[in-house]
Amino acid sequence: KNQVEQSPQSLIILEGKNCTLQCNYTVSPFSNLRWYKQDTGRGPVSLTIMTFSENTKSNGRYTATLDADTKQSSLHITASQLSDSASYICVVSEGTSGTYKYIFGTGTRLKVLA
Amino acid sequence: DAGVIQSPRHEVTEMGQEVTLRCKPISGHNSLFWYRQTMMRGLELLIYFNNNVPIDDSGMPEDRFSAKMPNASFSTLKIQPSEPRDSAVYFCASSSTAPGNEQYFGPGTRLTVT
């Protein structure tokens, strides 16, 4: 069964600290992996996208990694800010469907405290 | 571009009533998606349209749910009759159909059925 699991479920850190969120998937065949940020009361917004051949992608203070062999991804946030408080969702596209079929993780809720 | 537009943003209704959610996709996008998000199950695809035609409705939970896309700029999701377990946030997303293209999410409609 195609699944995406994320850990931790929730995380609290102090402003300025770094953190790493984890994503494990069993989606096959794999097409690509995205990390989305969802602010409270808003729709998800894409941060990064990685295909099979890419093992790292950065977007400002956000850096995503992908290990296609172990089917694991991580999202590293550097020098966290209060505005990073949000849910972060790992999304894997299944490869047989023309990439429209997103398999979503249940997200990690990050709270950054001043 | 204003992005994906959804209305209403909030809907509170009584069990048994009909509910209609509306979506205007990004101009030029020819794929449209309806999702439901709950704390327990995260984001789930309900239905996918391509060029106004329903392609995958396997996620529609039961006959009480129906979706239409009469033209490229408008879609509705209807629940009739509504039940308390339908309470969730419903998102509409759109994308172009180039391989791997990103889905852009609307702000969501928070539905509460009492």
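The values are calculated or read from the model by the stated rules, or taken from the named source; none is laboratory data. Bear in mind that the values here come from a model prediction, so they are computed numbers and not experimental data. Neighbour counts run over all protein chains shown; Cβ positions are idealised from the backbone, glycine included. We work out accessible area using only protein heavy atoms, side chains counted, and drop any ligands, DNA or RNA first. Shrake-Rupley method; radii C 1.70, N 1.55, O 1.52, S 1.80 Å.
If you split all Cα-Cα distances of the range B:1-49 into 5 Å bins from zero, what percentages do you get per bin, shortest first?
Result returned by the calculation: 5, 14, 20, 25, 22, 9, 4, 1.
I need the phi-derived Karplus couplings for the range A:8-15: 6.51 cos²θ - 1.76 cosθ + 1.60, θ = phi - 60°, integer Hz, Gly and Pro marked x.
The phi angles translate into x, 5, 8, 8, 10, 9, 8, 3 Hz.
Taking amide H positions as placed in the peptide plane 1.01 Å from N, state which residues far from B:Phe74 in sequence (5 or more) or on other chains have amide H under 5 Å from it.
Those qualifying (amide H under 5 Å, at least 5 residues apart or on another chain) number zero.
Hey, for a label at B:Thr112 modelled as a point 7 Å past Cα toward Cβ, could you say which residues of the range B:39-78 have their backbone N under 16 Å away?
B:39
Which entries in A:Lys57/B:Lys78; A:Lys17/A:Lys101; A:Lys37/B:Lys24; A:Lys37/A:Lys71 show an alpha-carbon gap greater than 29 Å?
The pairs that break the limit, which is 29 Å between Cα atoms, are A:Lys57/B:Lys78; A:Lys17/A:Lys101.
Taking H placed 1.01 Å from N in the peptide plane, check which residues at least 5 places from A:Asn59 or on another chain put their amide H under 5 Å from its amide H.
The list, which skips near neighbours in sequence, is A:Ala64.
Please work through chain A and write down the cysteines that have no neighbouring cysteine Cβ at a distance under 4.7 Å.
Cysteines lacking a close Cβ partner in chain A: A:Cys19.
Please report the accessible area of A:Asp67 (heavy atoms, 1.4 Å probe, ligands and nucleic acids excluded) in Å², nearest 10.
60 Å²
Jot down the per residue volume, in cubic angstrom and as a whole number, of the convex hull over the alpha-carbon atoms of the protein assembly as shown.
Residue-normalised Cα hull volume stands at 125 Å³.
How much accessible area does B:Arg36 have with a 1.4 Å probe, in Å² rounded to the nearest 10?
40 Å²
What are the extents of the Cα atoms of the range B:1-105 along their three principal axes, listed from largest to smallest and rounded to whole Å?
Here the spans come out as 40, 23, 23 Å, largest first.
Got a number for the accessible area of A:His76? Probe 1.4 Å, square angstrom, nearest 10.
Rounded to the nearest 10, the figure is 60 Å².
If you take the charge dipole of chain B about its Cα centre, with +1 on Lys and Arg Cβ and -1 on Asp and Glu Cβ, which of B:Ile5, B:Met69, B:Pro81 is farthest toward its positive end?
B:Ile5
Please list, ordered by chain and number, the residues whose modelled amide H lies under 5 Å from the amide H of A:Leu47; skip anything fewer than 5 residues away on the same chain.
Answer set, sorted by chain and number: A:Trp35, A:Tyr36, A:Lys37.
Got a sec to turn the phi values of the range A:63-74 into Karplus ³J(HN,Hα) couplings, 6.51 cos²θ - 1.76 cosθ + 1.60 with θ = phi - 60°, whole Hz, x for Gly and Pro?
These are the phi-based 3J(HN,Hα) values: 10, 9, 10, 9, 10, 5, 6, 8, 6, 10, 9, 9 Hz.
Return a whole-number percent for the relative contact order of chain A, with Cα pairs under 8 Å and 6 or more residues apart as the contact set.
Across chain A, relative contact order equals 37 percent.
Using a 1.4 angstrom probe with every protein chain in place, what is the largest-first accessible-area order of A:Tyr62, A:Tyr36?
Sorted by accessible area, descending: A:Tyr62, A:Tyr36.
Each residue of the range B:52-59 in order: what ³J(HN,Hα) in whole Hz does its phi give by Karplus 6.51 cos²θ - 1.76 cosθ + 1.60, θ = phi - 60°, with x for Gly and Pro?
With coefficients 6.51, -1.76 and 1.60, one gets 6, 9, x, 9, 9, 10, 5, x Hz.
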